[in-house]
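These notes concern the structure reproduced below.
FYI, it's all coordinate maths here, none of it is from the lab. All values reported here derive from a predicted model rather than from experimental measurement. Virtual Cβ from ideal backbone geometry, glycine too; neighbours counted across all protein chains shown.
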């Protein structure tokens, strides 16, 4: 009959399970890997909020500037149509970055990586990239929060600059993994 309270036996069973699973909950590398996943999920959430702001502004912009066709005006105003398309493209760009961040790889927890790469050091570099990523995503979210479509169309270059800064952080992150 197994003794469910024998700490020595339980510890040995747990350690065997952890190693059998290829995972030890108490290693620094595993904590950093989990932190990386958490940060990326939060950054994706920030970008989702930024995208929601753009989509709300686009919807209001379309309702205000693109009325249904009538006999007097069967075609929409070209500048208003261009603005709505720019907002739609901006929303799609933010969504693409959000999806890319959710799918980012982390170093595998296997023996080859442990042997040829200092995993903790690599994960520490990823953490630095993720800090830049989170900061830039939050700045973009703050920039877009509560703005109307006209403001977004007028400041499209600044918003694109924010997206490019996030893309630069993604490139830095990819470079840290490539080493």
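Taking the Cβ of each residue in 51, 62 as the centre, tally the other Cβ atoms inside 10 Å and list the residues starting with the fewest.
Least to most surrounded, the residues fall as 62, 51.
Would you order 71, 171 from fewest to most other beta-carbon atoms within 10 Å of each residue's own beta-carbon? Mind showing how you got there, number by number?
Details: 71 5, 171 10.
Arranged by neighbour count, lowest to highest, 71, 171 become 71, 171.
Have a look at the stretch 27-178 and give its Rg and Dmax from the Cα atoms, expressed in angstrom.
19.8, 74
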